[in-house]
Every structure is written in structure tokens, then in C-alpha cells.
Amino acid sequence: MSTSLTHHAYKVNQLQCFEADAAQAIGISLLALMQRAGAAVLCQIHQHYPNAVKLLIVCGKGNNGGDGYVVARLAYQAGMKVSVIVNGAQDDIAGDAKQALILLEALPINIEFCQQSEAMSRQVQAFKGDLIVDCLFGIGFNGYLPSPLISLITQINNQSCLRVSVDVPSGLNADLGTVSSVAVKADLTVTLIAYKQGLLTAQAPDYVGNLQLETLGVNHALARLTSASCLRQSEKNLPAVLPRRPCSHKGDIGMLLAVGGSQNFTGAICLAAESALRSGAALVSVCCHENSRTTVLVRQAELMVVANSAQTLNSSPIIEKSKAIIIGPGLGQDNWSAELFDLVLKFTQPKVVDADALRLLAAKPIKKQQWILTPHPGEAAALLSCRVEDVEADRFSAVKNIAQQYGGICVLKGAGTLVSDGKVIWVNSTGNPGMASGGMGDVLSGIIGALILQTGDLFIAARLAVYIHGRAADIMAKKSGQIGLLASDLYPEIQRLINAQSY
């Protein structure tokens, strides 16, 4: 499926290497590109904060500071009250940023050069205005902040005014989405030319605020010079579910087998199976522990309980009838669980492997192509034999490595869920903190399983499922709030959203 270039996300080195060539390709200089950037940022400020009048522009010594000088000049010309502070001496400014500074210095604007970050912190603390524009660091920041700059950014965050970051919130790694100590907590981030992959996942959602892209007319030229490292998934580039024919019957869609629900964790398999029904699975059969059977049947009359152990499942005709399998929700990790896991891995149907099944897989690694693995960071760490901190330090590498080592598709859950086949990475754009509650992952497994039946494509099923899952949670959180959001609250919206994707 073709994808709009505004959904491409890049690594920092790609932008650093090809930005000048992309500008040249459309016939403009980097200084002219800087002018476009400043104008675009100010336009976003006017659009989102029309009542903002008094601005403080906090600039670094590089081109991100140059963008700030342009914002300051244009804001002053638009009648706003502007002050500028620079982290460095006047002689430290060079190149296109120097040219932008010269244009700014021609105006009666207060510009203070501070060679000590403590002096900047005092200036920020004294600011009594509407908005701070953060232009300290651009995309090149990838290290650790010295103590004075930690104090400066902390002071910026402590101010009661609005904060707008240009390109990347200062202190955030634009490749990985990680923060070593502190970063500017922006209300609005205006990122330039293209998305940076680190703005879309990991810790980035805590800092970017409202993320807006301004391509500056360069994104097409950039795409001709270098391929995007990943793609941002939104409502504009989702795969579709084929509509059902008027004469469709339940056999056309097929049966999903859900395996899990040990005697202590019945709820998980119920959530997965119920969400699969609401997501379009025509039939859902459940293999669960004998002590869980009654709960499953009472919870949802449409569910069928077909087996209670590996032995009974292996002799059940349901295996031949099932077109896809979910294994893991509430499975546990005892002998009963391990026997079911080993048996299910022998079946040829496409599978969704989640929760406890991922822990069992980590203990006995095997590679298959016809499955989707859905780890959270802890489960991902087990699969990769590393620490959770290692996974979170580079989610992009983690999701690719899992898909490459274990085969199939990996869905690495979390803020900015990643979906990869080991080559391409999609970053999901939906979801909210209210989803940090029990059972959400089980619901996602059910959606994926149902969409495998309806699309016949593992990558498409995984992509569409994570979007719908997060979008349903966003809608419910908007209605009732994030706190107290339950996994089962999502069912009505999941059904509606999947029908909306059927055309």
C-alpha cells in the first residue's frame, strides 16, 4: 500500500546527510529553509495559542537556535513582545544561524548571550509571559546534559507558561525517544521536514505534547534521496477489512481457537475471546483449564469451550476447524501450560502468541513465520535475553531483533506501539495512559486473531489491530476519562471501528 510521505519517519543521520541536498533539489538555500522553518513555527503558535503575546525564545548555538532567531524576528514584526536568550557567546554563532542572528539584531529586540547556563536559568525564572520557545538543541542531541543545562531545562519546565519546542524537545534523543536526565516538556512540538522516529515512541510522549509536522516543502525531495527508517501509522494510511458478501456465512470467516485460562487466570482468556467476537471472528472456541470452564461459559454465551488440556485438545476435531489460534492469555507456566504450548506450536495455523506463551517461548526459542508475537517490554526482554532497560533504550532495534530471531511479526507494546516483520517498522499513533490496566493486552490479542481471519495477512492484521485497540481506548477516555478505563469498556468502539474499516 502506498503511504503519504508525511507519514515517513527518519533517523537523525539521514536528515543530517540529506537535508542540504533536499533543499538544493527544490532550489533553495539552507538559510531560506531556516526562514521557512521559523515562519512555520510561528504559524503553529498563532494557530494553537492565538492569545500568546509575550514570548521568550531560548536558543542554542546551532541551527536550532537559528530557527529561534527567525521566530523571534517574525514574532516581533507581527506585533508580539519578544526576548531572546542564547546559551553561548555571540562569537559562537556561525553559518546560517549567524546570518539569521544578524537579521534579528537589526531590530530593537533584547538579546542576551549567556556563557553560563546558570545565568540563563535566572532569565527563565524571571520571565513573566505567555510562552517559551525551546530552540536549545536540534536533532543532533544524543548524549548527556551537564548539570547547568539540567537546571536550565528544569527551570523551563517549572514555568507556568506554555512551552513550544522547535523540531525536538531539548534533551530528548530524536533517534530513540529516550531521555538521559531531563528534557523540555513541551505543550507543542513543531517538527520540521519529516518525523524523527524518536518522537513517536518510548519516553517521547511524555515530552512532545501536541506533535505537529511542517514539511517546509522538502519532504518529497528527501524521500527521493533516502528511504524512511519507519512509518507512522494513522487513520490516513490504514489497511482495510474487505466487506462481507451478502451471502456470507460463518464458515467463510472461520473459527478462532483461544488457548489459555489456567485455573487462576480465567479473566484473561475471556477478554481475548470476547474481543475476538466483537472484532468479527464468526466462531470462537476456548481451550481452558477444567476449573475455568464455567466462568467462560457464563461470561459469554457465544463462546464454545472445547478442551481442558493438551490431551483433549489434540484429539478434538476443533483443530481441523480452526483457521487461527491465540495462545497465552492466562495460560500460566506450569506443566499444564507447557504441554498446551508445545502442542499448539505443532499446529500449522497462523497464531497470536501473547503473555505467558511468550515466557514459554523465551525458555525454548523456536523460529516460525506464521505467527504474531505481542510482547510488552518485560516479555521482549525475556525473548532477547536482556534487561527491560535495554529494550526501552532502543525499542526500534528490539522489535526488529525479535521478528528476525523468532520469525513472523512482532508487536512491541507500549507508548507508540511498534509493529515489524524484521525489515519494516510501523509506529502506531493511537492509545493513552488509561490503557495501563489489566486485560488490555488480552483484548488486543483477540482483535489480532479476529483480523487474521478477515484479512488473511499477519502484518495487516497486526497493524490494524493495534490502531483500532488504541483508538477505541482514546474514544472511551474522551467520554469518561483515562482513570478507571477497563479493557472490556473498549468492546463497543472496537466493533464500530472495525466496521468503519470495512469498505
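The values are calculated or read from the model by the stated rules, or taken from the named source; none is laboratory data. Here the structure is a predicted model, which means the values were calculated and not measured. Methodologically, a virtual Cβ is constructed for each residue, glycine included, from the backbone with ideal geometry; neighbour enumeration extends over all protein chains shown. SASA here: full protein model, heavy atoms, side chains in, ligands and nucleic acids out. Shrake-Rupley method; radii C 1.70, N 1.55, O 1.52, S 1.80 Å.
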### Message
Can you give the FRET efficiency to the nearest 0.05 for residue 370 and residue 393, using r as the Cβ-Cβ distance and R₀ = 22 Å?
### Response
0.10
### Message
Sort 39-48, 436-445 by the packing proxy (mean of other Cβ within 10 Å over each peptide's residues), most packed first.
### Response
436-445, 39-48
### Message
Straight-line reach from residue 61: which lysines fall under 16 Å, measuring Cα to Cα and dropping same-chain residues less than 8 apart?
### Response
98
### Query
Can you list, largest first and rounded to whole Å, the semi-axes you get for the chain by taking the square root of 5 times each eigenvalue of its Cα gyration tensor?
50, 21, 20
### Query
If you place +1 on the Cβ of every Lys and Arg, -1 on the Cβ of every Asp and Glu, and leave all else neutral, what size is the dipole of the chain about its Cα centre, to the nearest 20 Debye?
940 debye
### Query
For the Cα atoms of the chain, what angle does the longest principal axis make with the long axis of helix 440-455, in degrees from 0 to 90, nearest 10?
70 degrees
### Message
Given an 8 Å cut-off on Cα distances and at least 6 residues of separation, report the relative contact order of the chain as a percent.
### Response
12 percent
### Query
Using Cα atoms only, what is the angle between the long axis of helix 335-346 and the major principal axis of the chain, expressed in degrees (0 to 90) to the nearest 10?
80 degrees
#### Entry: Debye intensity ratio in log₁₀ form over the Cα atoms of segment 80-165, taken at each q of 0.17, 0.20, 0.21, 0.26 Å⁻¹
-0.79, -1.10, -1.20, -1.57
### Message
Could you tell me the relative contact order of segment 20-99? Use alpha-carbon pairs under 8 Å, at least six residues apart, and round to a whole percent.
### Response
33 percent
### Task
Label segment 226-307 by shape, choosing from rounded, prolate and oblate, from the square roots a ≥ b ≥ c of the eigenvalues of the Cα gyration tensor; if a/c is under 1.5 it is rounded, and otherwise prolate applies when a/b is larger than b/c, oblate when it is not.
oblate
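D for segment 263-364, whole µm²/s, Stokes-Einstein with Kirkwood Rh over alpha-carbon pairs at 20 °C and 1.002 mPa s: what number?
Taking Rh from Cα pairs, D becomes 158 µm²/s.
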### Degrees separating the helix 30-48 axis from the principal Cα axis of the chain, which is the longest one
70 degrees
### Query
At a 1.4 Å probe radius, carbon and sulfur cover how many percent of the accessible area of the chain?
49 percent
### Summary
Of the listed pairs 367/400; 81/478; 11/236; 196/368; 423/478; 346/423, those with alpha carbons more than 24 Å apart are 81/478; 196/368; 423/478; 346/423
#### Entry: Cross-link partners of residue 351 among aspartates and glutamates (Cα-Cα below 18 Å; sequence separation of 8 or more within a chain)
274, 320, 339, 342, 379, 421, 442, 457
### Query
Lys/Arg Cβ at +1, Asp/Glu Cβ at -1, dipole of the chain taken about the Cα centre: which of 249, 375, 312 is farthest positive-ward?
249
### Query
Rounded to the nearest 500, what is the chain's calculated 222 nm mean residue ellipticity when only DSSP H runs of at least 4 contribute -39500 (n - 2.57) each, over all residues?
-13000 deg cm²/dmol
## Note on the structure
With a ≥ b ≥ c from the Cα gyration tensor eigenvalues, square-rooted, and the rule rounded for a/c under 1.5, otherwise prolate when a/b > b/c and oblate otherwise, segment 335-476 is rounded
#### Entry: Protection proxy ranking of 53-64, 323-334, 163-174 - average other beta-carbon atoms within 10 Å, highest first
163-174, 323-334, 53-64
### Task
Consider a paramagnetic label point 7 Å from the Cα of residue 335 along Cα→Cβ; state which residues of segment 264-290 have an amide N under 16 Å from it.
290
### Length released on extending from residue 77 to residue 92, taking residue separation times 0.36 nm less the Cα-Cα span
2.8 nm
## Note on the structure
Low-density loop trypsin sites (Lys or Arg not before Pro), segment 454-503, at most 16 other Cβ within 10 Å, DSSP non-H/G/I/E/B, are none
### Task
Let me know the shape class of segment 3-125, please: from the alpha-carbon gyration tensor, a ≥ b ≥ c as square roots of the eigenvalues, rounded when a/c is under 1.5, otherwise prolate if a/b is greater than b/c, or oblate.
prolate
### Query
Put a dot 7 Å past each Cα toward the Cβ at residue 346 and residue 436; how far apart are the dots in nm?
4.3 nm
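At a threshold of 8 angstrom on Cα-Cα distance, excluding pairs fewer than six apart, so keeping six or more, what relative contact order does segment 32-174 reach in percent?
On the way: 262 pairs, mean separation 38.4, N = 143.
With pairs under 8 Å counted, the relative contact order is 27 percent.
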